[in-house]
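Structure record follows, encoded as structure tokens.
The values are calculated or read from the model by the stated rules, or taken from the named source; none is laboratory data. Note that the structure is a prediction, hence the values are computed from the model and not measured. Here the Cβ is made from the backbone with ideal geometry for all residues, glycine too, and neighbour counts use every protein chain on show. SASA here: full protein model, heavy atoms, side chains in, ligands and nucleic acids out. Shrake-Rupley method; radii C 1.70, N 1.55, O 1.52, S 1.80 Å.
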Amino acid sequence: RICRPVPQIMILPLSVTSTFFFILNVRKIRPTSVELNNDYVVSLFSLAFSESKNNITSVTIGNGVQSIGSSAFYGCSSLASVTIPGSVQSIGYGAFQSCSSLASVTIPGSVQSIGDWAFYDCSSLASVTIPNSVTSIGNNAFDNCSSLTSVTIGNGVQSIGNSAFDNCSSLTSVTIGSDVKTIGDSAFRYCSSLTSVTIPDSVQSIGNSAFQFCSSLTSVIIGNGVTSIGENAFNYCISLASITYNGTSEPEIPDSAFVGCNIESVNVPTNYEGDTFCGIQVKKPDKPVDPSNPDKPVDPGNPSKPGKSKAGVIAGSVVAAVVVVVAAIVVTIVMYVK
């Protein structure tokens, strides 16, 4: 018998006793759209639709589902849209791996973790916003998402996993949340369209090869909380010309961290201890001056009020001395007349 596609199938909650018969029956049809109404049914999806998953273009996950399990929609190559409700708390290992037609996904504010390989090789995914509720992004979570152009990482995220955004070759913009503490090994490696990145003060460590081969990267701002930068972290970022480091002392950093870059300047604060950063001469801010009189430094306590130059101090002293001498002469003349 030829199994013809049907436009939609709604999957209702199942009992364990009906699971076997459900799987046997569902394999006889070719649905294009499905609705999954509980965690148990979501966990059965890849098994039940193993022979027809490439027909499915739309998935609606019912409110009440708390977890999208491992490999739940793995290899659904025609899946273009998915609705994730506000009840979902975790997206599991490989949940949407190789869903090559998935162009967009909204991750609700209830999700706390995104598992390893969760959206790996979703080659049509163009943008993603990770909400503040998420605390961790798993290893390879968005690896090889070659159409991904922008990423916003929420302020609740504390760790970005190894190779989380590796080989996202179209990524031009990334916003890293203010609570991130660790950027994993190869996290943004081969993001060849990324032009600039700001690493917030919360970050303590940048992993090995974290931004390696980001060939369009021209500027990097590194927050004052960074204490270690890994091997090859910015290796062969051939367009990298400017680094701004906001810390007061050089972090633990190997010689290989910036190999193959063309760094022209490393800007550091006035109170930076030392003259180099990874062997590169640093540039500290010049003392402010009065634009109307560059020879006079600005009073640090009152930037709007110019301070006195050395020449001005000397001139003032001379005038004061002359005044004293003239006053003494006047007093002498007055006493002589009397």
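Once the other residues with Cβ under 12 Å from the Cβ of Asn267 are scored (Lys, Arg +1; Asp, Glu -1), what is the net sum? All intermediate terms of the calculation are to be shown ahead of the outcome.
On the way: positive: Lys283, Lys284; negative: Glu264, Asp286.
That sum, taken over residues with Cβ under 12 Å, equals 0.
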With the label point 7 Å along the Cα-to-beta-carbon line of Ser146 and a cut-off under 14 Å to each amide N, the hits in region 158-184 are 167-171
Towards the positive end of the charge dipole of region 35-186, with charges on Cβ (+1 Lys, Arg; -1 Asp, Glu), say which of Ile137, Phe45, Thr152 has the farthest Cα.
Thr152
Kirkwood hydrodynamic radius over Cα pairs of region 83-161, then Stokes diffusion coefficient at 4 °C and 1.567 mPa s, in µm²/s:
107 µm²/s
Going residue by residue through region 210-221, the Karplus relation 6.51 cos²θ - 1.76 cosθ + 1.60 with θ = phi - 60° gives ³J(HN,Hα) values, rounded to whole Hz and with x marking Gly or Pro, of 4, 10, 4, 6, 7, 6, 9, 5, 9, 8, 9, 10
Quick check: with the 1.4 Å probe, what order do Tyr236, Tyr272 take by accessible area, largest first?
Tyr236, Tyr272
So what are the ³J(HN,Hα) numbers for region 170-184, from phi and the Karplus equation (6.51, -1.76, 1.60; θ = phi - 60°), rounded to whole Hz, Gly and Pro as x?
9, 5, 10, 9, 9, 10, 9, x, 7, 10, 5, 9, 10, 10, x
The answer for Ser186, listing residues at least 5 apart or on another chain whose modeled amide H is closer than 5 Å to its amide H, is Ser163, Asn208, Ser209, Ala210
Provide the net charge surrounding Gly230, with neighbours chosen by a C-beta distance below 13 Å and charges set as Lys +1, Arg +1, Asp -1, Glu -1.
-3
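Normalised by the residues of region 57-121, what does the relative contact order come to in percent, with Cα pairs under 8 Å and at least six apart? Spell out each step's value before the answer.
Details: 163 pairs, mean separation 22.9, N = 65.
Computed over region 57-121, the figure is 35 percent.
Just add up the charged neighbours of Asp116: K/R +1, D/E -1, any other residue whose Cβ is under 15 Å from the Cβ of Asp116. Don't jump to the answer; show the numbers that get you there.
Numbers: positive: none; negative: Asp121, Asp143, Asp166, Asp185.
With Lys, Arg at +1 and Asp, Glu at -1, the net is -4.
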Using 1/(1 + (r/R0)^6) with R0 = 35 angstrom and r between the beta carbons of Thr83 and Ser192, what's the FRET efficiency to the nearest 0.05?
0.60
